[in-house]
Amino acid sequence: MRANVGRRSNVVVVSEERYWDTPSFRSNVRGRSALLKWLQKKAPGSRLTDAVYNYLSPRQRADVAWETRCEVCGARPEGPVRKGQTVEIEFRCPRGTCSALHHTARTLLVNLRLLNRALRRAGTDPSSLAQRVLGRGFSDSGRRPSGPLVPLTIRLTKSQYLALRHHNDAELAAIFYAALLSWMKDHG
Amino acid sequence: MGHFGIDFGATNTSAVEVDGRAVQRYGDELGKPLPSVIILKQATDEVIGGRSAWNRRHELQQLGGFEVVGSIKRCLESDRHWVTAGRSWTPRDIAAEVLKQLSVRAQQRGVRAGIRKATFSIPVGLSARARRVLREAAELAGIEVSSFVVESTAAFVRYFTDLRNSRHVAVFDWGGGTLDVSVLRIEGLTIFELAKEGMPDAGDLMDQELSLLVHKLIMDARGDSLAIEEVPTIDRDQLIIRSEMAKCALSAEEQVPIGLEHYAGRSAHVDLTRIRAAGVLGPFVDRAINLLASTVAQAGLSIDSIDDIIVIGGSSQLWLLNERLAADSRFTGRYRLAASPEWDVAHGAAILEQIPGNYELAETLGLQLCDGTHFELVRRGQALDTTPRSLSLALVEDAREANLIIDRLADLGTAQTNVLHFSVPTLGFLDDEIRVRHELTRDLTFRVSAHSRSLGPERTEIREFGNLRFGYHLGNGHAR
């Protein structure tokens, strides 16, 4: 039997008095409790949702969100599970009473021609294509899709959902558009 | 005066002096290494050492009024004390007596001031505390320890000139107590330690197991069924000593007689055959060969890529080891038995003593950070600089402990491995910093200490890692 637990470093090297305000420190803060403390120090008095959106990375926003307790059993049933080089948020209810919802659907607008080209190249269905495209990482470029737009419903993993939940539909469309263009560029 | 190397062994201790091309060996009056046994006369504090102590140890132990310390190396870091009329003796004091005897032998052989400075060989994994005790013992004996070197690596240095055309070499050093394996890479005039592993009690456990077999043979011959635990301790000690002697004798004979004047109330005489002994010794030999193979694998190499295997040390003369190595196709044509197994380690240490500051670190150690990257603490190629260095850490999560993980970074074909990990109590996220201090010590260990700035230095956690790998530069003129 192989051990499935391991010790994880929780430190960074610091050299400045205001180390907590440096980008290298901020980007490494993890866990809801630490992130809330950090936000309180960084932006005292500001609205939590604004502060979360303004200062935290998508992963950290997800961190803040996933540690909300389950309404049924009081546990924190979702958490990060390392899979090779990536971390995915998975369902792990300790009581076994709460069922898992593996994917969450979101609808966005996408350029029809671009979508068709990508589907031909990928040889797969729209939902799987969306998984592949977003699985490579994403960011909000601010560039909105144009041309003939069609609504597309995609299924997001827990990590993707939590990371994108603060984005409205238009922002989500822009994120997907940028990710799709990047994927097309890398796939000829 | 030449340069000295000292092999402070569990059973024997030897010194070799290298002066230009001249090589002198210092041991007992018979030209053998000096037995590491020390006998203290309880009434007068008199110290008996060397060959005469070895020859009389059973007699004096039976007589009473004497403290017989058979192998001080095995208890260097223990809290044991031996009490005589005028004083109490610590392991450091006893070890110092062994070294004094050796220095006196050198004086008697013409080294006017005795041994004043030497490179000491040590087994793989000898703890930092034991190293300090050994250094202090040497100082008490008037010998300055200029450096330590792992025994198996020192043995290779002895053979460097013969094996310069090799790329990778393994040294299998199985002494009376410890088994050490070094895997080395030769690059020009520099040798790098790729991997070092050891089994600290390999020789002792083998002797204990063999004594259980001899006990059974004695009981079978008597038609008795006494458990060994029911045998007086002094008789059991004798049994272990005689079993060890029989084991050595089996290297030359198919069958060896074992005689004990007193064993559980009567005299005992049995014959030990190779076939019977092989049943007990076989698993130890197999484990030793497995350690050799696993150390080669740890170095990121296959046995096929090892050009030579040097087999050295008292236990390496065991007939069964030679039989099994010869029968194992992985090692055929690759291994060679050392020419002077009792002296080669000290000889290699003496060669290194000739070139002060000849070594450098052959690995990089880094502090693992929360994002999986490493902050380098000491770097490969760094000369031994014992200046302490400091850094500050901050927690990235809301925890009461900072997890400090120090890894050996992947290099020279070897994989990344963890060497130290420990936790330091803190006041928590954003409320505290961790002060870390790290240094390479002159005992060739890496020491790291850490404490929370808020909780203060009294809550300092200290860890030490001794299995560092080094590279040794051997000049043409020195490599003899």
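Bear in mind these aren't lab numbers, they're just calculated from the coordinates by the rules spelled out. All of these numbers come straight from a predicted model, not from anything done at the bench. In this analysis, Cβ positions are derived from the backbone assuming ideal geometry, glycine residues included, and neighbour counts consider all displayed protein chains.
With only the Cα atoms considered, the stretch A:104-186 has a convex hull volume of 81 Å³ per residue. Computed over the protein assembly as shown, the P(r) curve from all C-alpha pair distances, binned at 20 Å from the origin, holds 15, 36, 28, 17, 4, 0 percent per bin. Amide H to amide H distances under 5 Å link B:V378 with B:L365, where only residues 5 or more positions off or on other chains count and H is placed in the peptide plane.
Amide hydrogen proximity for B:V37: with H placed 1.01 Å from N in the peptide plane, the residues at 5 or more positions away or on another chain lying under 5 Å are B:G50. Taking every residue in A:14-22 and counting other chain Cβ atoms within 10 Å of its Cβ, the average works out to 2.
Here the peptides B:435-444, A:21-30 are ranked by packing, the mean other Cβ count within 10 Å, and the order with the highest first is B:435-444, A:21-30. Its DSSP H runs of at least 4 residues, each contributing -39,500 (n - 2.57), put the calculated 222 nm mean residue ellipticity of the protein assembly as shown at -10000 deg cm²/dmol, to the nearest 500. Model label sites at B:R287 and B:D304, defined 7 Å from Cα along the beta-carbon direction, differ in position by 3.1 nm. Give me the one-decimal nm value for the distance between modelled label points at A:T104 and B:R400, 7 Å along each residue's Cα-to-Cβ direction. Output for this residue pair reads 3.3 nm. Panel order for B:T417, B:T387, B:T84, by other beta carbons found within 10 Å of each beta carbon, from fewest to most: B:T387, B:T417, B:T84. Taken residue by residue and averaged, Cβ atoms of other chains lying within 10 Å of the Cβ of B:426-434 number 3. Compared with the dominant principal axis of the Cα atoms in chain B, helix B:274-298 is inclined by about 10°.
In this structure, the amide hydrogen of B:G9, modeled 1.01 Å from its nitrogen in the peptide plane, lies closer than 5 angstrom to those of B:S14, counting only residues at least 5 positions away or on a different chain. Taking 0.36 nm per residue of separation and subtracting the current Cα-Cα distance, fully stretching the chain between B:R87 and B:D411 would add 111.5 nm.
If every alpha-carbon in the stretch B:234-301 counts as one equal scatterer, what log10 I(q)/I(0) does Debye give at q = 0.12, 0.23 1/Å? The calculated log intensity ratios at q = 0.12, 0.23 Å⁻¹ are -0.45, -0.98.
Of B:D45, B:D7, the sequence from fewest to most neighbouring Cβ atoms within 10 angstrom is B:D45, B:D7. Think of the stretch B:359-472 as having a plus end and a minus end, set by charges on the Cβ of Lys, Arg, Asp and Glu; of B:S423, B:L468, B:V436, B:L468 sits farthest toward the positive end of this dipole.
Summing Cβ point charges (Lys, Arg +1; Asp, Glu -1) relative to the Cα centre of the protein assembly as shown gives a dipole of roughly 2940 debye.
Modelled spin-label separation between B:E29 and B:A383, with each label point placed 7 Å from Cα along the Cα-to-Cβ direction: 4.6 nm.
Our summary of shape: the Cα atoms of chain B have principal axis extents of 74, 53, 52 Å, ordered from largest down, in whole angstrom.
Please work out the Cα center distance from the stretch B:225-301 to the stretch B:50-125, rounded to the nearest Å. The distance from the Cα centre of the stretch B:225-301 to that of the stretch B:50-125 comes to 25 Å.
Over all distinct Cα-Cα pairs of the stretch B:57-167, the Kirkwood formula returns a hydrodynamic radius of 16.0 Å.
In order along the stretch B:10-23, phi translates into HN-Hα couplings of 5, 9, 10, 10, 9, 10, 10, 10, 10, 9, x, 8, 7, 10 Hz, rounded to whole numbers, per the Karplus curve 6.51 cos²θ - 1.76 cosθ + 1.60 with θ = phi - 60° and x for Gly and Pro. For chain B, the longest principal axis of the Cα atoms and the long axis of helix B:202-222 meet at an angle of about 30 degrees. Sorting B:268-278, B:316-326 by their mean Cβ neighbour count within 10 Å, with the most densely packed peptide first, gives B:316-326, B:268-278. When you count the other C-beta atoms within 10 angstrom of each residue and take the mean per peptide, A:52-61, B:13-22 line up highest first as B:13-22, A:52-61. What percent antiparallel are the DSSP beta bridges of chain B, to the nearest 5? In chain B, approximately 85 percent of DSSP beta bridges are antiparallel ones.
Think of the protein assembly as shown as a dipole: +1 on every Lys or Arg Cβ, -1 on every Asp or Glu Cβ, centred on the Cα centre; then among A:L152, B:S36, B:T295, A:L152 lies furthest on the positive end.
Among beta bridges identified by DSSP and lying wholly in the stretch B:3-151, the antiparallel ones come to about 70 percent.
Inter-chain neighbour count for B:387-397: the average number of beta-carbon atoms from partner chains within 10 Å of each residue's beta-carbon is 5.
Scaling against 2.2 N^0.38 Å puts the C-alpha radius of gyration of the stretch B:19-59 at 1.53. Ordering B:H81, B:H347, B:H3 by the number of other Cβ atoms within 10 Å of each residue's own Cβ, fewest first, gives B:H81, B:H3, B:H347. With N counted as the residues of the stretch B:202-278, its alpha-carbon radius of gyration over 2.2 N^0.38 Å works out to 1.01. Summarising the overall dimensions of the stretch B:359-472 from its C-alpha atoms, the Rg and Dmax are 14.4, 45 angstrom. Note on the stretch B:294-376: Kirkwood radius taken over Cα pairs, Stokes-Einstein applied at 20 °C and 1.002 mPa s, translational D equal to 131 µm² s⁻¹.
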